[in-house]
Amino acid sequence: MLFNSAIFLFAFLPVTYLVFWSLKSKDARYVWLAITGYVFYGYWNPAFCLLMAFSTVVSYTAGLGFLKYGDDPKRRKWLLIIPVTVDLLLLGWFKYVNFGIGIANSFLGWAGAEQLRHLNIILPVGISFYTFHTITYIVDSYRRVITPTRNIFEFAAYVSLFSQLVAGPIVRFRELQEDLDGIDTKDRTEGLDAAWSFFILGMVQKVLLADTVAAIIDPALKDTAALSTAGAWLCMLGYTYQLYFDFAGYSNMAVGLGLMFGMHIPQNFNSPYKALNPSDFWRRWHISLSRCLRDYLYIALGGNRGGESKTYRNLMITMVLGGLWHGAAWTFVIWGAYHGLLLALYRRFSSYWDPLPPLLQRVGMFFLVIVGWTVFRAENMSHAFALLGRMLTPHTGIEPVGAPLLLAAVALCASFAHFGPNSFQMQHRWQPAAAWSLAALFVGCIIRIYGGEKSPFLYFQF
Amino acid sequence: MTAPASAIPAPRPDKAPPRRAWGRLGWIAPRVAAAWLLLDLGLRFVPLTWFPLRDFQIARRWFPLHSPFTPNLRIDSSYFEGDEALEGNLPPTESRTPTRFTTDSLGFRSTPAVHQGASPEVLVFRGFSFTWGAGLSDEEVLPVALARELGVNVYDAARFHEDPELPADVDRLLARLGARPRTAVYVHLEPNGHTLDWNRPKAIDRMGIAMLGESRYTPIKQFADYAQLVVATWFRVSPLNIFCVRLYKSISNDRLLPNVYRRDVAEFRLPDGRPFLARRTDMERVESRVPEDVLRARAEYISWWRDQLAARGIQMTVLLVPEKMSVYGPAMGRPVQANPFLNRLERELLSHGVKVVNGLPLLSREAPAELAAGRLFYFREDHHWNAHGVARLSRAVAEALRSSDPALYRGKSGESEVSE
């Protein structure tokens, strides 16, 4: 189910909300949130609810194990290794098996051997997100950062919380534990204005900005070779803002929905296009993923504790795997490696970069980000090179159909992204005129939802 | 290591929230959503004739059990927009004279009584929108054209494509009509993929029959299926949704936004320069070969119907109706199959002893000359046949029926296209 769908807005959300607040006990609210999470998820494909349930039970059981064997390091290690392996195997099977077969076939082709058949596997929506939820829970339990919950309903509600289930943010248990523990003491009206404010702002970002840009650039990018240099730049600028407003929009809607149910979902985007350097960018872009990669991968690999060369190695491994997390394709691997390289270069040459004027740093970093998004957006590497070729060398050709509107949308997006506050810098205490204006924009979103084609969030595919 | 649980900023002390509820977003937004929902639901009760909709869409708004349309309805309409023009969001260039869409007391498309007072002697069934005549006026549909050709009354028993249809439904219809026709024309459209499995009881049905017995379970199941269909149909037709779709399509005009809907439709030009539209899915289907097992399954299904009707004393003839691009593909420069699906199906049906009128060779043979004269058998911007196409195939069907039962039909003779 999509947040930007009539069934969600007019059936799922009101029913979920009204029943939730009519329930009084903690367990009843946990159960209801878990049920609605499964309905939300199962609306896409009910069969995959079993997968999520399995992942939930495995992690919950591991949590109980940590409680029981608190002083037995050997058992604790197994309680870490087994469930994390199970989660990673699930993720690997559904997301990476065919990618692996493709790589194996390249080698087999060289050797002249028979090719392996690709498997008919459907990638469950959001598996990358809820797998990370459960893995962070297990690792945090192992590290004693959190005390695992004994309440299966609480844990099920956390894993299947619909607001952050299929496209993040990757909310760690520790970030929601306080809200979950006090779920029966919440005040329905507290934060309601902010909840709707986040939700509507997110919807405007997604439906009115990102989807409008997508409607113009998607057809144009299908025929890259026909684009002029200016057209290619316009498309990639458009994609740069589309990706941001699509995902940040989803995250804001998730925050708003969380607040409606008394949950404080953390910030996921902090004006990333204002970043001064690669390191700054990753502190601002998809913050929940960056933190996970830092805390559970980079630091686990040794971080920057083993000298310069090991630090660079760890950066590259972390970012390549981070790229691969986005999808089983070489474009994502290369994109991850590119950002790993940027981080390594920045680490090495920051003394030359940092003294530059901030405006120059911002512009330079933004350019580097766009180059990265070109690879990220491309269907394959030859498409990426073709697109970069159109952008970086002068070409005559056509502009995208709808270029004037795209230009206007890009200008509007740029003003918000580069100069405006992000949603967490706003007060969300609107005067009546502003509140009604937001409501009018909400109606505009609903008209677009009713009238346009279905538009899944870009991060659903990851 | 631990991240903050919340980063929601505290309200600024100098800017107190507005006191009145109506000024707060938490009060406004849910009410706006509720108002929209009420508007959507409310508009569903407004007469659909107020909106630019095709007559059959209005007639299908509500339908009683065992009927395809609202009974006793008469819609005079001058609105016509071809399905392909709508689907491709292209400016419609095809118009037609106003049409009348009438339904009888049983909710089937009413055919004007060509021969007053006489009970129908021929039943035309299946074929869905082609048989009840999407885009056609009452006097143009196949059963009427056939009645004129044969000199007997013909009943239009076509249902909607998603309606269930079993021989028992034919029994019920005939009982309500009080008619005993000797002949039925089964209209098979080229893309129809129905097989015996369509009506085969599923596991849940077998369980229901085992628990309740067939006589109790069947009406319950029929009513449940019907209720589901009525609700789904009612939900699908939302005037507010239609308005929003049209609004969005109006700005997807290749100026403000690219017209992405165009990708679903192929645009061709007729010799006289007029546009000719076809759905890409239809073209792909016509140009791809249907596997033998699928072909056999369809032939078995049609043969099964023949046997079922024969047991009721009704002789059945099948009319195979080709897709628009099966007929006009060559003229539009599209590849054609050396051995087209309908010709293969005709041979398979003949091997089962089914009487067949195959519209494909007939229309394909005549299409080039008709095209040169500026005439088509189908609408230019819609995949349904037009009155000219109906008239042409009804002549072929009439001749086939006459040749099989010369004593019955009094109409003038035409050319024969029947295969037996």
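It is to be established whether one or more residues within segment A:156-172 are farther than 22 Å from A:G256 by Cβ and of a type in the set (A, V, I, L, M, F, W, C). Among the residues of segment A:156-172, at least one is farther than 22 Å from A:G256 by Cβ and of a type in the set (A, V, I, L, M, F, W, C), which makes the answer yes. Within segment A:408-428, restricting attention to residues that are at the interface with another protein chain (Cβ under 9 Å from one of its Cβ atoms) and out of contact with any helix residue (DSSP H, G or I) (no Cβ under 7 Å at 6 or more places or on another chain), the residue that is surrounded by the fewest Cβ atoms within 10 Å (Cβ to Cβ) is A:Q425.
Kindly indicate whether any position in segment A:109-127 is closer than 30 Å to A:G70 by Cα, in a helix (DSSP H, G or I) and within 25 Å of the chain's Cα centre (by Cα). Yes; the residues of segment A:109-127 include at least one that is closer than 30 Å to A:G70 by Cα, in a helix (DSSP H, G or I) and within 25 Å of the chain's Cα centre (by Cα). Given the condition over 22 Å from A:D140 (Cα atoms), surrounded by 15 or more Cβ atoms within 10 Å (Cβ to Cβ) and among the polar types (S, T, N, Q), answer yes or no: does some residue in segment A:307-321 qualify? The answer is yes, given that some residue of segment A:307-321 is over 22 Å from A:D140 (Cα atoms), surrounded by 15 or more Cβ atoms within 10 Å (Cβ to Cβ) and among the polar types (S, T, N, Q).
Table: residues versus (1) of a type in the set (S, T, N, Q); (2) under 19 Å from A:W325 (Cβ atoms).
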position: A:S59; (1), (2): yes, yes
position: A:R75; (1), (2): no, no
position: A:L80; (1), (2): no, no
position: A:I103; (1), (2): no, yes
position: A:G109; (1), (2): no, no
position: A:A113; (1), (2): no, no
position: A:T131; (1), (2): yes, yes
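Just checking, how many residues over segment A:391-407 are surrounded by 14 or more Cβ atoms within 10 Å (Cβ to Cβ) and not hydrophobic (A, V, I, L, M, F, W, C)? Of the residues in that region, 5 qualify.
Looking across segment A:171-187, the residues that are within 14 Å of chain B (Cβ to nearest Cβ) and in a helix (DSSP H, G or I) come down to A:F173, A:R174, A:E175, A:L176, A:Q177, A:E178, A:D179, A:L180, A:D181, A:I183.
Of the residues making up segment B:105-132, those that are of a type in the set (A, V, I, L, M, F, W, C), out of contact with any strand residue (DSSP E or B) (no Cβ under 7 Å at 6 or more places or on another chain) and either modelled with pLDDT under 90 or part of a strand (DSSP E or B) (or both) are B:A113, B:V114, B:A118. Within segment A:349-390, being free of Cβ contacts under 8 Å to residues at least 24 places away in the same chain and either surrounded by 12 or more Cβ atoms within 10 Å (Cβ to Cβ) or of a type in the set (A, V, I, L, M, F, W, C) (or both) holds for A:F349, A:L356, A:L359, A:L360, A:V363, A:G364, A:F367, A:F385, A:L388, A:G389. Scanning segment A:80-96 for residues being farther than 23 Å from A:F66 by Cα and either more than 22 Å from the chain's Cα centre (by Cα) or small (G, A, S) (or both) gives a total of 1. Examine segment B:18-26 for a residue that is modelled with pLDDT of 90 or more, assigned to a helix (DSSP H, G or I), surrounded by 13 or more Cβ atoms within 10 Å (Cβ to Cβ) and out of contact with any strand residue (DSSP E or B) (no Cβ under 9 Å at 6 or more places or on another chain), and state whether such a residue exists. Scanning segment B:18-26 turns up at least one residue that is modelled with pLDDT of 90 or more, assigned to a helix (DSSP H, G or I), surrounded by 13 or more Cβ atoms within 10 Å (Cβ to Cβ) and out of contact with any strand residue (DSSP E or B) (no Cβ under 9 Å at 6 or more places or on another chain). Being surrounded by fewer than 21 Cβ atoms within 10 Å (Cβ to Cβ), away from chain B (no Cβ under 14 Å) and touching a helix residue (DSSP H, G or I) at 6+ places or on another chain (Cβ under 9 Å) is a condition met by no residue of segment A:429-439. Applying the set (1) in a helix (DSSP H, G or I); (2) within 11 Å of chain B (Cβ to nearest Cβ); (3) more than 24 Å from the chain's Cα centre (by Cα) to A:E190 leaves exactly one unmet item: (1).
Results for (1) modelled with pLDDT of 90 or more; (2) assigned to a loop (DSSP other than H, G, I, E, B); (3) loosely packed, with under 13 Cβ neighbours inside 10 Å, shown as yes or no for each residue.
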| site | (1), (2), (3) |
| --- | --- |
| B:R159 | yes, yes, no |
| B:V170 | yes, no, no |
| B:Q228 | yes, no, yes |
| B:P258 | yes, yes, no |
| B:Y261 | yes, no, no |
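Where helices (runs of 4 or more DSSP H) fall entirely within segment A:253-358, those with at least 3 residues that are within 14 Å of chain B (Cβ to nearest Cβ) and closer than 26 Å to A:M203 by Cβ are at A:287-293. Within segment B:230-248, can you find the residues that are among the polar types (S, T, N, Q) and at pLDDT 90 or above? Hit for segment B:230-248 is B:N241, nothing else. Among the residues of segment B:192-210, the ones that are modelled with pLDDT of 85 or more and assigned to a helix (DSSP H, G or I) come to 8 in all. For segment B:63-105, a residue qualifies if it is small (G, A, S) and under 17 Å from the mean Cα position of the chain (by Cα), and the qualifying residues are B:S67, B:G82, B:A85. Looking only at segment A:22-67, which residues are part of a helix (DSSP H, G or I), out of contact with any Asp or Glu (no Cβ under 7 Å at 6 or more places or on another chain), buried (at least 16 other Cβ atoms within 10 Å of the Cβ) and of a type in the set (F, W, Y)? Residues satisfying the conditions are A:W32, A:Y38, A:F40, A:Y41, A:F48, A:Y60, A:F66.
Note on segment B:230-256: residues that are under 26 Å from the mean Cα position of the chain (by Cα), outside any helix (DSSP H, G or I) and either facing another protein chain (nearest Cβ under 9 Å) or not β-branched (V, I, T) (or both) amount to 1.
Count of segment B:102-147 residues, restricted to those that are over 19 Å from B:Y378 (Cβ atoms) and among the hydroxyl-bearing types (S, T, Y), is 6. Hey, A:G168 hits all of (1) loosely packed, with under 13 Cβ neighbours inside 10 Å; (2) assigned to a loop (DSSP other than H, G, I, E, B) but one; which does it fall short on? With respect to (1) loosely packed, with under 13 Cβ neighbours inside 10 Å; (2) assigned to a loop (DSSP other than H, G, I, E, B), A:G168 is out only on (1).
Filtering segment B:32-47 to residues that are in contact (Cβ under 8 Å) with a residue 12 or more places away in the chain and farther than 18 Å from A:W436 by Cβ leaves B:D40, B:L43, B:R44, B:V46. Taking the numbered list (1) surrounded by 24 or more Cβ atoms within 10 Å (Cβ to Cβ); (2) under 15 Å from A:I398 (Cβ atoms); (3) within 11 Å of chain B (Cβ to nearest Cβ) in turn, A:V213 passes all entries but (2). Residues of segment B:310-340 that are of a type in the set (A, V, I, L, M, F, W, C), touching a helix residue (DSSP H, G or I) at 6+ places or on another chain (Cβ under 7 Å) and surrounded by 16 or more Cβ atoms within 10 Å (Cβ to Cβ): B:M316, B:V318, B:L319, B:L320, B:V321, B:M325, B:V327, B:A331.
The values are calculated or read from the model by the stated rules, or taken from the named source; none is laboratory data. Note that this is a predicted model, so its numbers are computed, not measured. Please note: Cβ atoms are built from the backbone with ideal geometry, for glycine as well, and neighbour counts cover all protein chains shown.
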